[in-house]
Amino acid sequence: MTVTPRILKRCILVSIVAPLLASAPGIPRAQVSRGQSAAPETPERAARMRWFREAKFGLFIHWGLYAVPAGEWKGQPIAGIGEWIMNRAKIPVKEYEQLAAQFNPTKFNAVEWVQLAADAGMKYIVITSKHHDGFAMYGSKASPYNIVDATPFKRDPLKELAAACARKRIRLGFYYSQAQDWHEPNGAGNTWDFGPDDKKDFDQYLRTKAEPQVRELLTNYGLVCLIWFDTPRMMTAERSQRFIDLLRNLQPACLIDGRLGAAGDYRSMGDNSIPNTAVKDDWEVPATLNHTWGFKKDDTDWKPPSELVFKLVDIVSKGGNYLLNVGPTAEGIIPQASQDNLRAVGRWLKVNGEAIYGAGPTPFGNELGAYSETEKDKNGKPVFQVRQDWRCTTKPGKLYIHLFKWPGATFELRGVKDTVERAYLLADPKHKALPVKKNGDAVTVTLPERAPGEYDSVLCLTTKTGGAQR
Ligand code: FHN
């Protein structure tokens with residue numbers, strides 16, 4: 001990728017603005033910034049985590065009644081992320097509920113959605129089974145406020161997705177808003193209908209809706225790869241433990257994300273927040289393709305494929321997973337621009353996927369950037385200046401150098417202790433050996449004049465030991 005001023009500006013803007021946009025008012029920052037650390041490694045956890053460590057790239061789907069207003073209420077555009085419209089516009093339950101009668105996504109096709117994930121090179125899907133608005137996107141016996149019982153559609157999209165995923169061998173997980181439920185008098189978050197949260201019988205809501213619904217999800221949809229809890233308001237250790245027990249009893253291999261309220265299997269970073277440097281824990285960044293999670297008709301500021309590839313590589317080189325979101329319309333269509341940009345990433349992965357799936361973090365670090373010695377942020381802390389020329393991912397015996405900016409005739413890499421046995425480009429189908437010189441810990445590779453691929457050309461160096469593996 002050539003890092004154009006537009007992309008650089010966007011990266012800086014996104015790292016500052018997106019976390020603000022994507023965390024709606026009322027969510028304490030601590031909850032959405034760096035998630036809780038993962039539980040300590042045990043043989044059981046290592047076994048559960050194996051697929052996640054290999055997968056690296058997943059599809060997030062935010063789909064619910066909020067796709068009907070699509071960011072507009074009573075003719076007025078409502079600021080903020082689309083799925084928060086009920087909260088942002090303080091829509092009373094009685095009015096918001098009426099959206100169910102209008103929700104009839106007849107163009108929904110589970111096979112096509114799963115095919116998109118496969119084309120994009122994604123290995124798992126996480127879909128909203130119930131977001132903060134309280135509406136279940138599956139047939140739930142625990143609450144009639146669900147897509148099968150309350151809409152003209154009457155179908156269960158999660159059942160259809162589970163079948164399509166099983167056929168394509170893509171794992172399926174469910175987002176579940178365990179604490180916020182704006183439909184329930186005792187759920188967290190709806191203060192405009194039901195008054196302050198601290199006056200509510202939160203355990204009554206957990207026992208009668210959230211826990212039974214998580215039980216349903218773990219019972220009726222085959223193997224669930226993970227439950228993605230979110231915004232753990234009022235989630236004490238004891239309340240969180242009840243969910244952990246449910247999961248471990250019903251599906252011991254199912255992962256728990258980092259936003260339950262107690263340590264999960266991995267850490268969830270803040271929305272769109274990629275850490276500056278490598279992080280040792282297992283972790284994941286949930287991220288948007290535009291600025292919203294749920295569909296908003298006026299948000300068409302799509303990240304281009306070059307930026308998506310850069311972010312995927314950047315995240316993998318720091319040890320994480322990328323969970324990238326689409327917000328389907330109320331008809332059941334994934335916006336065309338989302339589809340196009342994801343498929344472009346998939347085409348890049350077809351050539352270079354070896355450097356992503358199951359790959360470990362960089363053994364270097366200087367290529368990521370450095371703290372400025374002069375520039376300070378508003379808290380007086382040094383600003384991290386991101387470098388974007390190259391990144392490194394690793395496998396035993398291999399260093400993958402991702403060249404976003406083609407360096408010209410040669411590429412020099414410092415800090416290589418090992419002997420480099422071969423160098424070649426993944427985009428070259430013959431993997432023709434490129435000339436390599438070693439001088440101390442510096443390796444110089446002679447490159448073709450032009451980048452062989454789009455966005456990021458990967459130079460593979462085979463060495464005796466390769467990079468650090470977990
Ligand atoms: O409030 C939610 C938001 O709507 C969205 O689901 C994101 C995805 O990570 N999580 C919460 C904010 O962090």
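The values are calculated or read from the model by the stated rules, or taken from the named source; none is laboratory data. Everything numeric in this text was worked out from a predicted model, so none of it was measured. Neighbour counts run over all protein chains shown; Cβ positions are idealised from the backbone, glycine included. Ligands, DNA and RNA are stripped out before the accessible areas are found, and what is left, the full protein with its side chains, is counted by its heavy atoms. Shrake-Rupley method; radii C 1.70, N 1.55, O 1.52, S 1.80 Å.
For the reader, a short list of remarks on this structure follows.
- Among the residues of region 52-75, the one identified as under 27 Å from SER317 (Cα atoms) and surrounded by fewer than 16 Cβ atoms within 10 Å (Cβ to Cβ) is GLU54.
- For beta carbons closer than 6 Å, sequence separation of 6+ or different chains, a first residue in region 81-99 that is more than 15 Å from the ligand (Cβ to nearest atom) and a second that is part of a loop (DSSP other than H, G, I, E, B), the qualifying pairs are VAL93/HIS183; LEU99/VAL68.
- Flag if TYR205 is open to solvent by less than 30 Å² (accessible area, probe 1.4 Å) and out of contact with any helix residue (DSSP H, G or I) (no Cβ under 8 Å at 6 or more places or on another chain): yes
- Hey, LEU323 surrounded by 23 or more Cβ atoms within 10 Å (Cβ to Cβ) and over 30 Å from LYS154 (Cα atoms) or not: no
- Those strands (runs of 3 or more DSSP E) lying entirely in region 362-470 with at least 3 residues polar (S, T, N, Q) and open to solvent by less than 30 Å² (accessible area, probe 1.4 Å): 457-466
- Residue in region 24-37 that is modelled with pLDDT under 50, within 15 Å of the ligand (Cβ to nearest atom), on the phi > 0 side of the Ramachandran plot and not in a helix (DSSP H, G or I) present: yes
- Highlighted here are the helices (runs of 4 or more DSSP H) found entirely within region 76-175 that include at least 2 residues which are open to solvent by 60 Å² or more (accessible area, probe 1.4 Å): 93-96, 99-102, 110-119, 157-168.
- Any hit, region 231-250, residues being closer than 25 Å to THR329 by Cα and either of a type outside the set (Gly, Ala, Ser) or surrounded by fewer than 21 Cβ atoms within 10 Å (Cβ to Cβ) (or both): yes
Residues checked against (1) more than 21 Å from the chain's Cα centre (by Cα); (2) modelled with pLDDT under 95; (3) not in a loop (DSSP other than H, G, I, E, B):
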{"site": "THR2", "(1), (2), (3)": "yes, yes, no"}
{"site": "ARG10", "(1), (2), (3)": "no, yes, yes"}
{"site": "VAL14", "(1), (2), (3)": "no, yes, yes"}
{"site": "PRO19", "(1), (2), (3)": "no, yes, yes"}
{"site": "ARG53", "(1), (2), (3)": "no, no, yes"}
{"site": "TYR66", "(1), (2), (3)": "no, no, yes"}
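- Exclusive hit being in contact (Cβ under 8 Å) with a residue 60 or more places away in the chain, within 30 Å of ILE78 (Cα to Cα) and not basic (Lys, Arg), set LEU349, LEU342, LEU368: LEU342
- Scanning region 284-299 for residues that are more than 13 Å from the ligand (Cβ to nearest atom) and either at pLDDT below 95 or acidic (Asp, Glu) (or both) yields a total of 2.
- Of all residue pairs spaced 6 or more apart or on separate chains, those with beta-carbon atoms under 9 Å, a first member in region 267-293 that is of a type in the set (Phe, Trp, Tyr) and a second member that is more than 13 Å from the ligand (Cβ to nearest atom) and assigned to a loop (DSSP other than H, G, I, E, B) are TRP283/ALA38; TRP283/TYR266; TRP283/PRO275; TRP283/LYS318; TRP283/GLY319.
- Contacts under 7 angstrom Cβ, first residue in region 225-245 being in contact (Cβ under 8 Å) with a residue 60 or more places away in the chain and aliphatic (A, V, I, L, M), partner within 14 Å of the ligand (Cβ to nearest atom) and open to solvent by 30 Å² or more (accessible area, probe 1.4 Å), 6 or more apart: none
- Region 140-174 - residue that is in contact (Cβ under 8 Å) with a residue 40 or more places away in the chain and within 21 Å of ARG207 (Cβ to Cβ) and, of those, nearest to the ligand (Cβ to nearest atom): PHE174
- Number of residues in region 275-295 that are in contact with an Asp or Glu (Cβ under 6 Å, 6 or more places away or on another chain) and within 21 Å of THR393 (Cα to Cα): the value is 1.
- Condition met for TRP302 (within 16 Å of the ligand (Cβ to nearest atom) and either touching a residue at least 12 places away in the same chain (Cβ under 8 Å) or among the β-branched types (Val, Ile, Thr) (or both)): no
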